[in-house]
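Structure first, commentary second.
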Amino acid sequence: MTPSASSDALEQQTLRAHLEARLARVRDAQPTGLHTTRDIGVIAVLRAFDPATFAAAAYHFATALPDSQSRPWYAAFTRTIFLAGDPRNLADRHPFDHVSPDGSIAWYAPAPLTSREGLRRLLRPLRGPRGLTAPLTQEIPLGNGNTMARLDVPVTGLSLEDYLVHVNHVIAEATLDGLLTGLGHLLLHHLPAPPPPAANARIRVVSDPGSPTRLRAHAYLTL
């Protein structure tokens, strides 16, 4: 095996381990007996997109959830649907549960998605361009702690909607698992390519659409 092939095999092994660990955490969150979380999901409505605003909103939304809501959501793989719209136009007909400080992102707490059909018919799914800005570095306040976490996101060729999905999964699940508790800041990096191997606390892993037998990483959280 060549050094390049050996390095690739090690990377795939690392990604597989992170994927299996996530599946185990989701199984642990499943209720005993009849599975009831299949239709559970969160809806986020975005008027505008700013990476730091979104990351902070995802963190604070997950932080505010009680266990009775966060656990079923976790068991449903923190499923989240992103819609394009203005939260200012929704407060009366579709009251939201959380909103970012600038009012650009509204969040609807975990619930059966069938109960949100009116909202989903009203708004269209969010779509955006590929090729988000890279490199980019933003320091995001999370709390009063003195320590910092780092989130690296390779963005070349990544659409806006996929970016939201990947970043939200990592931040939400790390928050619900307590990994970000007590931290002061999150350092967000947009990179043109995946970072070198590191002792990552979490990696967002999915199947590679170009090769279903392989895995691909889309976000790396380091504590």
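The values are calculated or read from the model by the stated rules, or taken from the named source; none is laboratory data. Just so we're clear, the structure is a prediction, and the values are computed from it rather than from any experiment. Using ideal geometry, Cβ is built from the backbone for each residue, glycine included, and neighbour counts are taken over all protein chains shown.
Among the residues of segment 97-141, which ones are closer than 19 Å to Ile81 by Cα and in a loop (DSSP other than H, G, I, E, B)?
As a first pass, look at segment 97-141 and keep what is closer than 19 Å to Ile81 by Cα: 97-100, 103-130.
Matches in segment 97-141: Asp97, Ser100, Gly103, Ser104, Leu123, Leu126, Arg127, Gly128, Pro129.
Looking only at segment 56-91, filter to residues that are touching a helix residue (DSSP H, G or I) at 6+ places or on another chain (Cβ under 7 Å) and of a type in the set (Gly, Ala, Ser); which one of those is farthest from Asp177 (Cα to Cα)? Among residues in segment 56-91 that are touching a helix residue (DSSP H, G or I) at 6+ places or on another chain (Cβ under 7 Å) and of a type in the set (Gly, Ala, Ser), the one farthest from Asp177 (Cα to Cα) is Ala58.
Out of His166, His189, one residue alone is within 20 Å of Ala57 (Cα to Cα), touching an Asp or Glu at 6+ places or on another chain (Cβ under 7 Å) and either of a type in the set (Val, Ile, Thr) or crowded, with 16+ Cβ neighbours inside 10 Å (or both). It is His189.
Quickly run through segment 164-205 and pick out the residues that are in contact with a Gly (Cβ under 8 Å, 6 or more places away or on another chain) and aliphatic (A, V, I, L, M). If the condition is that a residue be in contact with a Gly (Cβ under 8 Å, 6 or more places away or on another chain) and aliphatic (A, V, I, L, M), then Leu183 is the only one that fits. Report every pair of residues separated by at least 6 positions or lying on different chains whose Cβ atoms are under 6 Å apart, first residue within segment 62-76 and of a type outside the set (Asp, Glu) and crowded, with 21+ Cβ neighbours inside 10 Å, second assigned to a helix (DSSP H, G or I) and at pLDDT below 95. Filtered contacts from segment 62-76: Tyr74/Ala29; Ala75/Ala29. Cβ-Cβ distance below 6 Å, separation of 6 or more or different chains: which pairs start in segment 185-204 with a residue that is among the hydroxyl-bearing types (Ser, Thr, Tyr) and in a strand (DSSP E or B) and end on one that is surrounded by fewer than 18 Cβ atoms within 10 Å (Cβ to Cβ) and at pLDDT below 95? Sorted first by the residue in segment 185-204, then by its partner, the list stays empty. Within segment 142-149, is there a residue that is in contact (Cβ under 8 Å) with a residue 60 or more places away in the chain, under 27 Å from Gly178 (Cα atoms), assigned to a strand (DSSP E or B) and touching a Leu at 6+ places or on another chain (Cβ under 8 Å)? Yes, the conditions are met somewhere in segment 142-149.
Within segment 107-117, is even one residue hydrophobic (A, V, I, L, M, F, W, C) and under 19 Å from Val170 (Cα atoms)? Scanning segment 107-117 turns up at least one residue that is hydrophobic (A, V, I, L, M, F, W, C) and under 19 Å from Val170 (Cα atoms). Within segment 140-147, none of the residues are within 23 Å of Asp8 (Cβ to Cβ), surrounded by 12 or more Cβ atoms within 10 Å (Cβ to Cβ) and over 14 Å from the mean Cα position of the chain (by Cα). Would you please name the residue that is surrounded by the most Cβ atoms within 10 Å (Cβ to Cβ), looking only at residues in segment 88-110 that are touching a residue at least 40 places away in the same chain (Cβ under 8 Å) and polar (S, T, N, Q)? Among residues in segment 88-110 that are touching a residue at least 40 places away in the same chain (Cβ under 8 Å) and polar (S, T, N, Q), the one surrounded by the most Cβ atoms within 10 Å (Cβ to Cβ) is Ser100. Check segment 166-176 and report whether any residue there is modelled with pLDDT under 95, in contact with a Ser or Thr (Cβ under 6 Å, 6 or more places away or on another chain) and charged (D, E, K, R). Within segment 166-176, none of the residues are modelled with pLDDT under 95, in contact with a Ser or Thr (Cβ under 6 Å, 6 or more places away or on another chain) and charged (D, E, K, R).
The helices (runs of 4 or more DSSP H) falling completely within segment 1-96 that include 3 or more residues that are touching a Ser or Thr at 6+ places or on another chain (Cβ under 7 Å) and modelled with pLDDT of 95 or more map to 51-64.
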